[in-house]
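The values are calculated or read from the model by the stated rules, or taken from the named source; none is laboratory data. Since the structure is predicted, the reported quantities are computational estimates derived from the model, not experimental observations. Heads up, the Cβs are rebuilt from the backbone with ideal geometry, glycines too, and the neighbour counts pull from every protein chain shown. These accessible areas exclude ligands, DNA and RNA; they are computed on the full protein's heavy atoms, side chains included. Shrake-Rupley method; radii C 1.70, N 1.55, O 1.52, S 1.80 Å.
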Amino acid sequence: MSLAWLKDCVYTIRQSAIENIRQIVEAFGVEWATGSLLPEVLATHTSTNYLYRLTALSAVTSLARIVGEEVLCSRLLPLVITMASDPVPNVRFNVAKTLQAILGLLPPRVVEGT
């Protein structure tokens, strides 16, 4: 049910969905989430609706602290970097905000190489 809420037209519903998903990842573990839940959540980054693309960035910010360095560097960071070329300025602005939020969680070797 939370996955469907990621594409709700109301911002607070989408944010609640992200919070629910974060709690599910904490409860069931990163390994399970990486295989089953995370791909569905991150798929919103390709939506034609820019609001849903923003939801993907919010999900990255929320999940970054709990997924661990490996998932953060291999799955979340590349997605954020890809979104930096989005045609919508608001999405690109939120990419910068997301990068700022996760910067402290990235290992120095990744930050220097990016």
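The relative contact order of the chain comes to 21 percent, based on Cα pairs under 8 Å that sit 6 or more residues apart. Surface composition of the chain: carbon and sulfur make up 59 percent of the accessible area, probe 1.4 Å.
Name the shape class, rounded, prolate or oblate, that the alpha-carbon gyration tensor gives for the chain, where a ≥ b ≥ c are the square roots of its eigenvalues, rounded holds for a/c under 1.5, and otherwise prolate holds if a/b is larger than b/c and oblate otherwise. Oblate shape, in that a/c is at least 1.5 and b/c is the bigger or equal ratio.
Modelled spin labels at VAL88 and GLU26, positioned 7 Å past Cα toward Cβ, are 2.9 nm from each other. Charge dipole (Cα centre; +1 on Lys/Arg Cβ, -1 on Asp/Glu Cβ; no other charges) of the chain amounts to roughly 280 debye. Scanning the chain for DSSP H helices at least 24 Å long along the axis (C-alpha atoms) with a Kyte-Doolittle mean no lower than 0.5 picks out 50-67. The mean sequence distance of close C-alpha pairs (under 8 Å, at least 6 residues apart), as a share of the length of segment 1-58, puts its relative contact order at 32 percent. Compared with the alpha-carbon gap, the fully stretched path from LYS97 to ASN49 is longer by 15.3 nm at 0.36 nm per residue. A straight line joining the Cα centroids of segment 43-88 and segment 1-21 runs 15 Å. Note on the chain: GNM, Cα springs under 10 Å; of THR44, THR61, THR12, the largest mean-square fluctuation is that of THR12.
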